[in-house]
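I have placed the structure first, in the form of structure tokens, so that the comments after it can refer back to it.
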Amino acid sequence: MTHPAQPKASHFINGEYVEDTAGTPIPVIYAATGEQIATVHAATPAIVEQALSTAKAAQKAWAKMTGTERGRILRRAADIMRERNHELSVLETYDTGKPLQETLVADATSGADALEYFGGLAASLTGEHIPLGEDWVYTKREALGLCVGIGAWNYPTQIACWKGAPALACGNSMVFKPSETTPLCALKVAEILIEAGAPAGIYNVIQGMGEVGGALVTDPRVDKVSLTGSVPTGKKVYAAAAEGMKHVTMELGGKSPLIIFDDADIDNAVGGAINGNFYSSGQVCSNGTRVFVQKGIKEKFLARLAERTGNAILGDPMDEATSFGPMVTENQMNIVLGYIEKGKEEGARLICGGKRADMDGYFIEPTVFADVTDEMTIAREEIFGPVMSVLDFDTEEEVVARANDTEFGLSAGVFTKDFTRAHRVIGNLEAGSCFINSYNDAPVEAPFGGVKASGVGRENSKEAIKHFSQVKSVYVRMGDVEAAF
Ligand code: NAD
């Protein structure tokens with residue numbers, strides 16, 4: 001019997017499901033059991049061509065609609081996503097293994113927020129009038145054209161919407177390629193947009209590995225590429241986009257600092273560290289994986305952290321009581337277990353966890369290392385799993401310098417009751433998305449993105465509009481034209 005997660009076909013192009021079984025089969029494995037629940041096929045060159053030519057052809061008419069009309073469609077799609085939240089959350093859990101307790105509140109709901117927010121902005125995307133005596137200049141905010149979105153596997157619905165909603169609001173069309181690890185959810189986003197009244201062809205989804213992503217990025221018809229992925233992939237995609245002088249948004253990896261001063265409320269700080277390391281089993285790009293704790297409260301912090309981490313409920317992700325799911329794949333589990341071994345070898349003190357959980361699926365126990373030092377591998381490299389490194393510090397000046405000593409710059413957080421210090425420290429940290437007495441909130445109203453190797457551009461908020469549109473400036477002369485001859 002076909003599993004309920006199996007999509008009707010692999011791709012969604014021009015308003016309908018499309019199949020081409022000549023493409024390499026991509027198995028979809030449910031991370032909680034290791035069972036294959038679906039198969040899709042990577043896009044063949046014919047599918048890539050079909051998606052790009054369809055999106056290119058559909059874009060101009062979409063851009064000619066009023067912002068109010070485009071916005072209405074996006075907001076309708078948001079309503080449909082909310083109505084179907086349960087079904088979409090179950091699919092997100094099948095796609096990623098993340099517990100339903102999380103997916104019910106963080107995935108289709110956050111996708112719907114993006115559709116609603118950018119749907120609301122669509123009608124207000126105007127230019128300005130610049131008076132120049134008798135003459136004037138007016139500006140128009142125009143669509144870029146055909147945009148490509150390429151997703152990572154940790155938030156397949158959210159990423160499909162965080163890229164699609166602002167792109168469409170601005171009058172662009174999109175070809176979206178989900179991660180080959182989580183191909184299912186983006187198809188639903190495409191389906192829902194059609195149901196909401198979107199013209200066929202403005203949002204298309206095709207499957208495939210890096211090769212298909214590469215074919216999209218290098219196509220001369222493509223005007224913009226928005227990638228969520230790792231730094232090495234980001235460098236390749238950025239370089240390929242530069243060849244064609246394409247616009248880019250790069251949402252890449254991180255190794256973010258979370259700084260806890262000794263005047264912080266310990267329970268809130270522990271809560272922040274848990275949210276910033278163990279949500280989605282640690283598979284979150286903005287995680288605060290270097291937790292710097294001021295020496296005065298270190299042992300108290302570690303004791304409370306170990307106690308609360310012991311309350312994590314590992315189990316069937318479809319059971320809403322489960323609060324901690326598996327790694328997305330066996331491969332990711334092995335990568336993370338490798339880092340845990342490195343932590344032990346390099347002399348970090350294991351506080352809790354530290355091994356694969358004794359159950360089916362790709363579960364790793366939530367793991368905390370203390371006495372981590374700056375040069376240890378677990379303090380330098382992005383692990384993308386439930387491994388928290390706790391480092392000690394004495395002074396503010398010292399911790400800011402150490403926090404910034406990384407190629408990454410996605411996020412940073414600070415816990416303290418001293419607000420002057422909180423703002424000063426955040427001001428001195430090299431990061432794009434920051435938190436004071438909180439960690440990992442990502443409301444659509446706030447810009448999201450990194451500095452340094454963590455990325456280029458911003459998603460969400462009014463900032464995203466700037467990255468999916470461009471300004472045309474028009475000089476209007478009222479008098480005669482003077483010329484030298
Ligand atoms: P990845 O870099 O392996 O893959 C990302 C996507 O790029 C996939 O869809 C993949 O098929 C595609 N791809 C790979 N090579 C390509 C190429 N040469 N040309 C075009 N496309 C190509 O990343 P992943 O393992 O799927 O995701 C984990 C990474 O993503 C982590 O580093 C994480 O920090 C990062 N991430 C960042 C954010 C953010 O918003 N900053 C969010 C989630 C994940």
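Which order do the peptides 164-174, 451-461 come out in when sorted by mean C-beta neighbours inside 10 angstrom, highest first?
In decreasing order of mean packing, 164-174, 451-461 become 164-174, 451-461.
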Distance cut-off 11 Å, percentage of C-alpha pairs in region 167-207 lying past it: 64 percent
Sites matching trypsin sites (Lys or Arg not before Pro) across region 270-370 that sit in DSSP coil, with at most 14 neighbouring C-beta atoms within 10 Å: K355
Carbon + sulfur, % of accessible area of region 366-479 - ligands and nucleic acids excluded, 1.4 Å: 51 percent
Candidate aspartates and glutamates for bridging to K224, where Cα separation is under 15 Å - those fewer than 8 sequence places away on the same chain excluded: E142, E243, E251, E459
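Between Rg and the Kirkwood Rh of region 30-138, both from Cα atoms, what is the Rg to Rh ratio?
Values: Rg = 20.5 Å, Rh = 17.6 Å.
In region 30-138, Rg relative to Rh is 1.17.
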Accessible surface of region 179-333 [probe 1.4 Å, protein heavy atoms]: carbon and sulfur percent: 52 percent
Radius, Kirkwood style, for the chain when every pair of distinct Cα atoms is counted (Å): 23.3 Å
Crossing angle, helix 45-64 versus the chain [Cα axis fit, 0-90 degrees, rounded to tens]: 60 degrees
Set of aspartates and glutamates with alpha-carbon distance to K295 below 13 Å, sequence-local pairs under 8 removed: D262, D263, D371, D392, D394, E396, E398
Chymotrypsin sites (Phe, Trp or Tyr not before Pro) within region 161-219: DSSP coil, no more than 16 neighbouring Cβ in 10 Å: none
Computed P(r) (all Cα pairs; region 77-214; 10 Å bins; percent): 12, 40, 28, 11, 6, 3, 0
Reciprocal mean inverse distance between Cα atoms of region 435-485 - Kirkwood radius, Å: 15.0 Å
In degrees, nearest ten, helix 231-243 long axis to first principal axis of the chain (Cα): 20 degrees
Length gained when the stretch M245-R82 is fully extended (0.36 nm per residue, less Cα-Cα span): 54.9 nm
Zero-based 10 Å bins, Cα pair distances in region 148-291, whole percents: 11, 36, 28, 16, 7, 1
Residues of region 226-345: accessible area per residue with a 1.4 Å probe, Å²: 38 Å²
Angle between the chain longest axis and helix 419-428 axis [Cα atoms, degrees, rounded to 10]: 60 degrees
Above-threshold pairs, the threshold being 27 Å between Cα atoms, out of K298/K452; K177/K452; K56/K462: K298/K452
Per principal axis, descending, Cα span of region 299-396 in whole Å: 45, 29, 21
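The values are calculated or read from the model by the stated rules, or taken from the named source; none is laboratory data. As the structure is a prediction and not an experimental result, all values here were calculated from the model. Heads up, the Cβs are rebuilt from the backbone with ideal geometry, glycines too, and the neighbour counts pull from every protein chain shown. Note: accessible area is taken over every heavy atom of the protein model, side chains too, but ligands, DNA and RNA are not part of it. Shrake-Rupley method; radii C 1.70, N 1.55, O 1.52, S 1.80 Å.
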